[in-house]
Amino acid sequence: MTSETTRSARELWGGHFATDAAPLMERINASIGFDKRLWAQDIRGSMAHARMLARQGIIGEADREAITAGLEAIAREIAEGRFVFAPELEDIHLNIEARLTERVGEAGRRLHTARSRNDQVATDFRLWVREAIDRVDGLLRGLQRVLIDRAEAHVADVMPGFTHLQAAQPVTLGHHLLAYVEMLGRDRSRFADARARMDECPLGAAALAGTSFPIDREATARELGFARPMANSIDAVSDRDFALDYLAAASICAVHLARLAEELVLWSTPQFGFVRLPEAFTSGSSIMPQKRNPDAAELVRGKSGRVIGHLVSLLTVLKGLPLAYSKDMQEDKEGLFDAADTLELCLAATAAMLEGARFDTARMRAAAGIGYTTATDLADWLVRVKGVPFREAHGIAARAVRRAEERGCGLEDLTDEELLALDPRLDPAVREVLGVDRSVASRTSFGGTAPSRVREAIAAARRRFLDRAEGCRFEPGPRAEEAPASGGEGSDEGKR
């Protein structure tokens, strides 16, 4: 830019101010350091605005041609790194407008007719967030694909399922991984809902009250890909709930990623030994040569706090603001930009880690039997086969666990005599449910961990989440009555 272009923003405002801003005011007021990311959206919105002004006869066709040609040239300058962003011009809007006026003269000064920076920035920001949602949906879909593929490879591989981080019941690794597929599916639906809610265009609301010019807000909304213009001019410039929607969905998604990362951290320890993460996503130690630290997983886990913090920050900024626009709202962008960058990075890293991870299924299977994880199967057998009330059956199974603990053996290692001594109904037939493979295969209820059910769930997940080209609306899994009944054809029930 020339010195003419970089004149102070106060000159652009007119003659109301007699002096320039103090240097400290310029520093606290300027947002160009971060809102320059909106340059493409700002140019797009300005072009739509200029075309609408010309169609409505508010500016001439020659001015429209000059403005659009100038904006196209500025877009090339920015894309090629030749544009000099001037902090004294505060923000991306004034930087582009000043450069446009330098390039095309008086026509550039007419562009701001019938709009304000208030509706301009609200429009730019909505366009940016909408694109961010489309990016994150693609990344979520990619992570779901990795999880589904890994689940399919481990449909019948047994591992311990945990509650309170204590071994609870055997499950399959495929079933466990599919739990995250469902969580990420709901994340995609939250982003899709946020996108649908923000599908309204603020442009034309001007500063807060609309404009006296005969503008066509429907036309600019359509050209910018919005479903409709916003219905209230004050609301259009004063709220940022679309940013909160994004940050809320991002925070929940980041929590899901953090939980998955935490399991990868735990499972990669020698004490668990369930997974070996790819070396490219781990690090060594400067002093301990044996270490393989799961740094990428730890960072995914840690960065969830960063995303959540940005949600809390914007909620705090907005909570006490009177209508309409206040400069506090300039604080809406830095946190959201960082949250979007962080979430996108974490999604990509998690997918890459999982794609290269190697699960030690033998170690998992051995661990599945530790901690008397088939005790519930013993109780269920008493109910199902012997007609024992569940609470009584629970007590019998608990005594069996105590006896096994005293002997230092598994439930399946108790002798027939020991089992009969605990309760005469514990005849040798009970052994059919004491192995972890039999336990897993018996869980044929809808949504259960039996390999037959997991295969059904994988097929359903591919249909629901991967066979769609656009953003994911929430779609529940198949209804229980639509799936094969427990013990029916295709079930592991009849194979025990």
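Would you confirm whether or not segment 386-396 contains a residue that is within 18 Å of Gln169 (Cα to Cα) and in contact with a Ser or Thr (Cβ under 8 Å, 6 or more places away or on another chain)? Checking segment 386-396: not a single residue is within 18 Å of Gln169 (Cα to Cα) and in contact with a Ser or Thr (Cβ under 8 Å, 6 or more places away or on another chain). When you look at Val171, is it β-branched (Val, Ile, Thr), in contact (Cβ under 8 Å) with a residue 40 or more places away in the chain and part of a helix (DSSP H, G or I), yes or no? It is false that Val171 is β-branched (Val, Ile, Thr), in contact (Cβ under 8 Å) with a residue 40 or more places away in the chain and part of a helix (DSSP H, G or I). Here Ala429 does not fit the description of being free of Cβ contacts under 8 Å to residues at least 60 places away in the same chain, assigned to a helix (DSSP H, G or I) and either over 20 Å from Gly387 (Cα atoms) or in contact with a His (Cβ under 9 Å, 6 or more places away or on another chain) (or both). Looking across segment 400-426, the residues that are assigned to a helix (DSSP H, G or I) and open to solvent by 70 Å² or more (accessible area, probe 1.4 Å) come down to Arg402, Arg403, Glu405, Glu406, Arg407, Glu412, Asp413, Glu417, Leu420, Ala421. Against the test of being modelled with pLDDT of 95 or more and either farther than 27 Å from Ile215 by Cα or not polar (S, T, N, Q) (or both), the options Ile43, Ile28, Ile32 yield a single qualifying residue, Ile43. In segment 335-348, the residues that are farther than 17 Å from Asp245 by Cβ reach residues that are aliphatic (A, V, I, L, M) and surrounded by fewer than 19 Cβ atoms within 10 Å (Cβ to Cβ) with C-beta atoms within less than 8 angstrom, at least six apart or across chains, in these pairs: Cys346/Leu299. Pairs are defined by a Cβ separation below 7 Å, a sequence spacing of at least 6 or placement on different chains, a first member in segment 376-393 that is touching a residue at least 12 places away in the same chain (Cβ under 8 Å), and a second member that is among the hydroxyl-bearing types (Ser, Thr, Tyr); the pairs so defined are Asp377/Ser439; Asp377/Ser442. When Val317, Val312, Val265 are checked against the criterion of being open to solvent by less than 50 Å² (accessible area, probe 1.4 Å) and either touching a Phe, Trp or Tyr at 6+ places or on another chain (Cβ under 6 Å) or closer than 30 Å to Ala179 by Cα (or both), Val265 stands alone in meeting it. Residue count for segment 234-262 under the criterion of being farther than 23 Å from Glu182 by Cα and either among the β-branched types (Val, Ile, Thr) or open to solvent by less than 10 Å² (accessible area, probe 1.4 Å) (or both): the result is 6. The set of residues in segment 282-324 that are over 24 Å from the mean Cα position of the chain (by Cα), farther than 17 Å from Gly356 by Cβ and of a type in the set (Lys, Arg) comprises Lys291, Lys319.
If you check Leu203, Leu178, Leu140, which single one turns out to be open to solvent by less than 10 Å² (accessible area, probe 1.4 Å), farther than 30 Å from Thr113 by Cα and at pLDDT 95 or above?
Residue meeting the stated conditions: Leu140.
Given the structure, is Ala367 touching a residue at least 24 places away in the same chain (Cβ under 8 Å), under 24 Å from Arg259 (Cα atoms) and crowded, with 17+ Cβ neighbours inside 10 Å?
Working: touching a residue at least 24 places away in the same chain (Cβ under 8 Å): yes; under 24 Å from Arg259 (Cα atoms): yes; crowded, with 17+ Cβ neighbours inside 10 Å: yes.
Yes; evaluated as a whole, the condition is true for this residue.
Within segment 306-328, the set of residues being assigned to a loop (DSSP other than H, G, I, E, B) and of a type in the set (Lys, Arg) comprises just one member, Lys319. Screening segment 188-305 for helices (runs of 4 or more DSSP H) wholly inside it with 3 or more residues that are in contact with a helix residue (DSSP H, G or I) (Cβ under 7 Å, 6 or more places away or on another chain) returns the ranges 217-223, 241-267. When we screen Asp338, Asp332 for residues that are part of a helix (DSSP H, G or I), open to solvent by less than 10 Å² (accessible area, probe 1.4 Å) and among the charged types (D, E, K, R), the only hit is Asp332. Among the residues that make up segment 186-196, is at least one of them open to solvent by less than 20 Å² (accessible area, probe 1.4 Å) and either touching a strand residue (DSSP E or B) at 6+ places or on another chain (Cβ under 6 Å) or at pLDDT below 95 (or both)? No, segment 186-196 contains no residue that is open to solvent by less than 20 Å² (accessible area, probe 1.4 Å) and either touching a strand residue (DSSP E or B) at 6+ places or on another chain (Cβ under 6 Å) or at pLDDT below 95 (or both). Summed over segment 377-397, residues that are open to solvent by 50 Å² or more (accessible area, probe 1.4 Å) and either closer than 23 Å to His164 by Cβ or polar (S, T, N, Q) (or both) total 3.
The values are calculated or read from the model by the stated rules, or taken from the named source; none is laboratory data. No experiment lies behind these values; they were computed from the predicted model shown. Here Cβ is always computed from backbone atoms with ideal geometry, including for glycine, and neighbour counts include all displayed protein chains. Surface accessibility is based on the protein's heavy atoms, side chains included, excluding ligands, DNA and RNA. Shrake-Rupley method; radii C 1.70, N 1.55, O 1.52, S 1.80 Å.
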